[in-house]
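These notes are about the structure you will find just below.
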Amino acid sequence: MFVKDSVFDDIVERRDEWLRAWKQRTGKKLIGCFPMHVPEIPIHAAGALPVVLLGSDSPARTVDQYLPSWLCHPLRSTMDQLLNGELGYLDGLVIADTCDQVKRVADLWRRYLPPSFLVHHLAVPRKVDSAAGQAWLIAELRRYSRALAAFLEVTISDEAFAQSIAVYRENRALLRELYRWRAEQPGLFRAREIASVVAAAMVMPKEEHSALLSGYLAAKKEQAPASARDAGVRLIVSGNLCEELERGIVEAVEDAGGEVVADDLFTGSRYFASPLDNSVPPLELLAAEYTGGIACPTKHTPASPPGAHLVELASATRAKGVVVLAQGFCEIHSWEWPATQAELDRAQIPGILVEIDHGGTPERVKTRLAAFVEMLRE
Amino acid sequence: MEKTIYPLKTGEQQAALREAHNAAVARARETGQLIAWCTGQAPIDILRAADIVPYFPENISCLGAARGMGSDLCQIAEEHGFSPELCSYGRINLGIILSEWQKSPAKVPRPDLLYCPSTCQTHLKWFEELSRQLHVPLLVLDLPQVHNTGDGEYVAAATEYARRQLQEHVAFLEELTGRPLDNARLEEVVAAGARAGRLWGEIIAMAKQRPSPITVFDLFVHFGPLSLYRGLNETVTYYQQLLEEVQERVRQGFSAVGEERYRLCWDGIPAWFRLGFLGRTLARHGACCVVCEQVYPWVEFMETLDPRRPLESIATAQLFYHINLGADHRIERLVRELQDSAVEGIVVQSDRTCKTVHGDQLARMRVIQERLNIPVVAVEGDMCDQRLFHEADATARIETFLELLTKRQGLTV
């Protein structure tokens, strides 16, 4: 249970209700995007609203009859919501084949959804640095755009693409501004509020989010420096892929005297990492969004070893340490923990791995975080 | 203990295949011939044509588990930060390396190269870690998932993506070895693979006989050469002999489990360290497993190989390997097998650390259970990590399940 600080918190917490009301008001269609790597711009250009599925904190009611307990929470939670009819206000789903758990379990979802519901699988390549992989990705993105256009009964023109790209560029510029400011003056922000800003961007129209975010930044400028608190030990929070950030963890980091100055979280900088270079055709732009961005363990990137991006980020933001949040049962991420730790050790950047399993933030985790921050102070 | 399983005599020939392989590995080390570590269904055809010896760390992990070393080796990997939720094949392999190669069920040669299709992403992550630790190149065959086998345009594009990569791999191997690929050898290897696949299909079809002359546990024992010695003429000879032996059993009306009382499907990778126990537990009650999704897909996988178009047929075989296919296709295929083999119940081994194969298993079985009205029992386990398998619990579940089947049989008499 977190304190609602902002309109962003409110939208994120009440998103199902908010989205139903939005749909009724506008008459537009909603397309759910299962984390990660689903390109939203084609959905926006087709006149629908892309909604990133952030899962649910409610205990599972039905999915235990279908899936074992040892699969990742975002997948189980979303399937539970689908089986219980909680996502009935969506008109379709797009799922990128980011990992084996998703590509196989989500393949069954069509059976539990009405025939009128779009279910599209995007077979993103593992290889991001090969010409053959690029050709495949472009072909997949074209197939995806065509499927969306056919389902929504529209033609997605180049103009529509260009307009949507402009909307997304503006939103990302604002999010980058927020992150730049947070890195410079972390004492003005709370990590959970930053996560709420990004999570809200994931579930609402970018145009409306940009307006809210502009207002938020302007209001912050007025409040600063009166609202600034003493900045603690500068830290990066990493990981926690495919799901909303559990606020208890970062509150524990801040309570221990740490200051989150940067992140590579899913409800964080991962979401807006790609600059969206609009000097290239739309499909190439979308392809670059996938192949570029922040290193992701779902992609095969031998040129960039695990943890290398954290070392660079620590240097760029003067962070003294890294807290890696490890999603329970996410094998793809966990294969890279030892190598990530080794990379941080080589760069002499202290790191701590915290396993999260949606059970709140246990005392032992708070104690470990406190000890970690204390060590960094010395 | 009462003897309730009857090993096929052809199994004795595996020793010769194994010795020949070990000799090839030893020769490679002496002569400088390259050794490639591969995953089970990697396209070793092009490796053989490049005169590179394929070696399978998964097999060594199974051997480690069978020799009771599995959990210890897993723990070594875990002490180095690898989660216990990770594939036990991978953890055992890393345990061998991280013990500085001191703890191992066999002498394992270091690789010069790694080769891995992306069908199983865990394989890919494991081999990425190997590449970092052992400082050797990793070739990846990136295979898009075929969610809809009926989408011809998608399949054609995915096949071309796979074929293009195979061409790149050939170019890489030619550069690495300093010589052109032996195309004649590639055709021979591909042809031998196809022949072995056809023979495997004829062998497993015998399980449709009533009573069945073989069980799925026999097939697990005899499956090894298909993967480990694929593409060799000696492997074709092995399966020819095995087919003749099974056909002779059919002529004699031989039943693999004595009085065949139940015909079952086994689903999931078995606990390799308890194969005999599982086979005996079922056979003791006259339960014969006659269908298994870990067994029949290798028929298509290898029959697809065509020496007239080697790279294209390898690409198709890889793309259509069963765990790369959508749930609809896999369910329909399994339903056909279950119906053709008169299966009345399914025993599922739910392997916690193989999330790729077992993550959606219960959901798929639920569909099949509803469709065919046949009961399913799940046993928790793992391929190689003994700590995750409990004999008493497995026995109790299986025996209770068989009692249920007995009651159902009574109701249909």
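The values are calculated or read from the model by the stated rules, or taken from the named source; none is laboratory data. Please read all numbers here as calculations on a predicted model, not as lab measurements. Positions of Cβ are generated from backbone atoms using ideal geometry, with glycine treated the same way; all protein chains shown enter the neighbour counts.
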Q: Determine which single condition residue B:194 fails, assuming it passes every other condition in (1) farther than 17 Å from residue B:304 by Cβ; (2) touching a residue at least 12 places away in the same chain (Cβ under 8 Å).
A: (1)
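Taking the criterion of being surrounded by fewer than 16 Cβ atoms within 10 Å (Cβ to Cβ) and closer than 24 Å to residue B:137 by Cα, would at least one residue in the range A:361-371 satisfy it? Lay out the reasoning, then the answer.
We begin by selecting, within the range A:361-371, every residue surrounded by fewer than 16 Cβ atoms within 10 Å (Cβ to Cβ); these are A:362-364, A:367, A:371.
The next check asks that each one be closer than 24 Å to residue B:137 by Cα; those that pass are none.
The answer is no, given that none of the residues of the range A:361-371 is surrounded by fewer than 16 Cβ atoms within 10 Å (Cβ to Cβ) and closer than 24 Å to residue B:137 by Cα.
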(Q) Every residue in the range B:217-236 that is of a type in the set (Ser, Thr, Tyr) and at pLDDT 95 or above, please. (A) B:229, B:235
**Q.** Checking residue B:299 against (1) among the β-branched types (Val, Ile, Thr); (2) under 18 Å from the mean Cα position of the chain (by Cα); (3) within 14 Å of chain A (Cβ to nearest Cβ), the condition it does not meet
**A.** (3)
Q) How many residues are closer than 25 Å to residue A:62 by Cα, in a loop (DSSP other than H, G, I, E, B) and not charged (D, E, K, R) when one looks only at the range B:342-397? A) 6
Q) Which of the residues spanning the range A:250-293 are more than 20 Å from residue A:312 (Cβ to Cβ) and under 12 Å from the mean Cα position of the chain (by Cα)? A) A:267
**Q.** Residue, farthest from residue B:242 (Cα to Cα), within the range B:177-230, restricted to residues that are surrounded by fewer than 21 Cβ atoms within 10 Å (Cβ to Cβ) and β-branched (Val, Ile, Thr)
**A.** B:177
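Could you tell me which of the residues B:108, B:155, B:146 is surrounded by fewer than 23 Cβ atoms within 10 Å (Cβ to Cβ), more than 9 Å from chain A (Cβ to nearest Cβ) and within 30 Å of residue B:330 (Cβ to Cβ)?
On the way: B:108 fails: within 30 Å of residue B:330 (Cβ to Cβ); B:146 fails: more than 9 Å from chain A (Cβ to nearest Cβ).
Only one candidate passes the filter, namely B:155.
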Q.
Between A:315, A:334, A:304, which is without any contact (Cβ under 8 Å) to a residue 40 or more places away in the chain, within 30 Å of residue B:144 (Cβ to Cβ) and surrounded by fewer than 20 Cβ atoms within 10 Å (Cβ to Cβ)?
A. A:304
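Go through the residues of the range A:86-98 one by one and say whether even a single one is under 26 Å from residue A:44 (Cα atoms), free of Cβ contacts under 8 Å to residues at least 24 places away in the same chain and either under 22 Å from the mean Cα position of the chain (by Cα) or more than 10 Å from every other protein chain (Cβ to nearest Cβ) (or both). Break it down into steps so the answer makes sense when it comes.
Looking only at the range A:86-98, we keep the residues that are under 26 Å from residue A:44 (Cα atoms), and these are A:86-98.
Add one more test, that the residue is free of Cβ contacts under 8 Å to residues at least 24 places away in the same chain, and what stays is A:88.
Filter once more, keeping what is either under 22 Å from the mean Cα position of the chain (by Cα) or more than 10 Å from every other protein chain (Cβ to nearest Cβ) (or both): A:88.
Yes, because at least one residue in the range A:86-98 is under 26 Å from residue A:44 (Cα atoms), free of Cβ contacts under 8 Å to residues at least 24 places away in the same chain and either under 22 Å from the mean Cα position of the chain (by Cα) or more than 10 Å from every other protein chain (Cβ to nearest Cβ) (or both).
For the range B:340-360, give me the residue count where each residue is within 8 Å of chain A (Cβ to nearest Cβ) and either in contact (Cβ under 8 Å) with a residue 24 or more places away in the chain or of a type in the set (Asp, Glu) (or both). Let's see the steps before the verdict.
From the range B:340-360, those within 8 Å of chain A (Cβ to nearest Cβ) are B:350, B:352, B:355-356, B:358-360; that's our starting set.
Filter again for either in contact (Cβ under 8 Å) with a residue 24 or more places away in the chain or of a type in the set (Asp, Glu) (or both), leaving B:350, B:352, B:355-356, B:358, B:360.
Qualifying residue count, the range B:340-360: 6.
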Q. Do the conditions hold for residue A:53, that is, is it at pLDDT 95 or above, more than 14 Å from chain B (Cβ to nearest Cβ), under 16 Å from the mean Cα position of the chain (by Cα) and closer than 27 Å to residue A:147 by Cβ?
A. yes
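Look through A:291, A:301, A:340 and report the one residue that is within 14 Å of chain B (Cβ to nearest Cβ) and under 23 Å from residue B:88 (Cα atoms).
Values: A:291 fails: under 23 Å from residue B:88 (Cα atoms); A:301 fails: under 23 Å from residue B:88 (Cα atoms).
One residue alone meets the criteria, A:340.
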Q | Selected residue (only one of B:58, B:30, B:100, B:78 is in a helix (DSSP H, G or I), over 22 Å from the mean Cα position of the chain (by Cα) and at pLDDT 95 or above) | A | B:78
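I need the helices (runs of 4 or more DSSP H) fully contained in the range B:113-208, keeping only those with at least 2 residues that are touching a Gly at 6+ places or on another chain (Cβ under 9 Å) and under 24 Å from residue B:89 (Cβ atoms).
On the way: elements: B:121-134, B:152-177, B:183-205.
Those helices (runs of 4 or more DSSP H) span B:121-134, B:183-205.
For the range B:242-261, does any single residue satisfy the condition of being hydroxyl-bearing (Ser, Thr, Tyr) and either assigned to a helix (DSSP H, G or I) or within 27 Å of residue B:362 (Cα to Cα) (or both)?
Start the filter on the range B:242-261 by keeping residues that are hydroxyl-bearing (Ser, Thr, Tyr), which leaves B:255.
Next, only the ones that are either assigned to a helix (DSSP H, G or I) or within 27 Å of residue B:362 (Cα to Cα) (or both) stay: none.
No, that holds for no residue.
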